[in-house]
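Undergrad: Below you'll find the structure I mean.
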Amino acid sequence: MPLAEHLRELRNRLAKGLLAITVVSIVAAFYSQELMEFLADPVPRCKPGVKETGGHCATVTFNDLLSPFTTTVKVSLMVGIIVSSPVWLYQLWAFIAPGLHKHERKYTYWFVAAAVPLFFGGGWLAYTILPVSMRVLLGITPDGAENLLPMDTILDFTVRMVLVFGISFELPLLLVMLNMTGMVTGRRMMTWWRGVVMGVFIFGAVATPTTDPVGMIALAGPIVVLYFMAVGISLLNDRRRRRKDPDAELDDDEASVIDLTPEAIGGIEPVPAPKALPEQAGTGRADHRVNGFDDVT
């Protein structure tokens, strides 16, 4: 296909993906109030008409005149991107797939089949611990101060939590894909476990927007479990690869082991002796002589 045809196909597929996002976002705008209540549900609300201070509860607010409109647009667009993801992901795959080999497509299917549940699992875990994280953060508020949380701040906070948890859950899958391509072995990954565990907990403390130990443990714990699962899968894959090719794990500049054991020799096959001279072939006489001699002499 010429370059112009590729660009035309890319334009059409982008248009289909954007159309799906737009349609779903428009539909989500009609349910924006329910969606914003769902996002603000982890916030411990203060009772209506009761003014409470300290870190016991918070009041959800909108800071300016345009804040309700911009927040509604953000929520609708976010829902549109998530709900319409099967459509625009398919358009992206349909544009890339013709340039892939058969084995590359197979690996891509497995990658997508595992990546989607991992991402949504991480997002669900983030939303589950949001109430605990918010209570921990609000608990720092001194007595006499009132907590007023803007709705757009809650939205940004929730989205960051979901993205951090969802993307972090893809790390073990990346290690498995590196093992599938032969870039790293399961045995080598197993030797990294101390540094990985320490690094994951440090990452959990830095990456989580809550900056509290609950969020750090909630993020780091599942990733460590997934890491050891990835190591187990990689070890099984290495064993399968060794059965097919004993030299599969050798580097390009590493010599394979040479087997110098002599092989057993079978029985000796009897070979009939040919006639000594061409003149003797086909005569059928064992005492045939040429000029009185039975050979070239």
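The values are calculated or read from the model by the stated rules, or taken from the named source; none is laboratory data. Worth saying up front: this structure is predicted, and the values here are computed from it rather than measured. These accessible areas exclude ligands, DNA and RNA; they are computed on the full protein's heavy atoms, side chains included. Shrake-Rupley method; radii C 1.70, N 1.55, O 1.52, S 1.80 Å.
Undergrad: Quote the accessible area belonging to Tyr90 in square angstrom, nearest 10, computed with a 1.4 Å probe and with ligands, DNA and RNA left uncounted.
TA: About 130 Å², rounded to the nearest 10.
Undergrad: With every protein chain in place, what's the accessible area of Thr61 (1.4 Å probe, Å², nearest 10)?
TA: About 30 Å², rounded to the nearest 10.
Undergrad: Just reorder Arg105, Arg187, Arg241 by solvent-accessible area, largest first, 1.4 Å probe, all chains present. Each step should come with its number before you reach the end.
TA: Values: Arg105 85, Arg187 160, Arg241 45 Å².
I get Arg187, Arg105, Arg241, largest accessible area first.
Undergrad: Give the dimensionless ratio obtained when the Cα radius of gyration of region 1-82 is divided by 2.2 N^0.38 Å.
TA: On the way: Rg = 19.9 Å, N = 82, 2.2 N^0.38 = 11.7 Å.
Ratio of Cα Rg to 2.2 N^0.38 Å: 1.70.
Undergrad: So, one more: Based on the inverse mean of 1/r over its pairs of different Cα atoms, what is the Kirkwood hydrodynamic radius of region 53-180, in Å? Display every interim value, and only then the final one.
TA: Working: mean 1/r = 0.0565 Å⁻¹.
For region 53-180, the Kirkwood estimate is 17.7 Å.
Undergrad: Now for a separate question. Contour minus end-to-end for Ala97 and Glu269, with contour as 0.36 nm per residue of separation and end-to-end as the Cα-Cα distance? Don't skip to the end; give the middle numbers.
TA: Details: separation 172, 0.36 × 172 = 61.92 nm, distance 5.80 nm.
Length gained, Ala97 through Glu269: 56.1 nm.
Undergrad: Hey, what's the per residue convex hull volume over the C-alpha atoms of region 1-43, in cubic angstrom? Don't skip to the end; give the middle numbers.
TA: Values: hull volume 3.0 nm³, N = 43.
So the per-residue Cα hull volume is 69 Å³.
Undergrad: Kindly state, as a whole number, the per residue volume in cubic angstrom of the convex hull around the alpha carbon atoms of region 65-114. Working shown, then result.
TA: Details: hull volume 4.0 nm³, N = 50.
Output value, Cα hull per residue: 80 Å³.
Undergrad: Moving on. When the convex hull of the Cα atoms of region 120-229 is projected onto a plane and the area is averaged over all directions, what value comes out in nm²? Kindly include the intermediate steps, with their values, before the conclusion.
TA: Details: hull surface 30.9 nm².
Computed as one quarter of the Cα hull surface, the answer is 7.7 nm².
Undergrad: Enumerate the calculated ³J(HN,Hα) couplings along region 106-117 in order (Karplus 6.51 cos²θ - 1.76 cosθ + 1.60, θ = phi - 60°), each rounded to whole Hz, writing x wherever the residue is Gly or Pro.
TA: With coefficients 6.51, -1.76 and 1.60, one gets 4, 5, 5, 4, 5, 5, 5, 4, 8, 6, 5, x Hz.
Undergrad: Can you give me the long-range amide H partners of Leu149? Hydrogens built in the peptide plane at 1.01 Å from N, cutoff under 5 Å, separation of 5 or more residues or another chain.
TA: HN-HN under 5 Å from Leu149: Thr59, Val60, Thr61.
Undergrad: So for region 179-234, Kirkwood radius off the Cα pairs, Stokes-Einstein at 10 °C and 1.306 mPa s: how many µm² s⁻¹? Don't skip to the answer; put the middle values down first.
TA: Numbers: Rh = 12.0 Å.
After rounding, the answer is 133 µm²/s.
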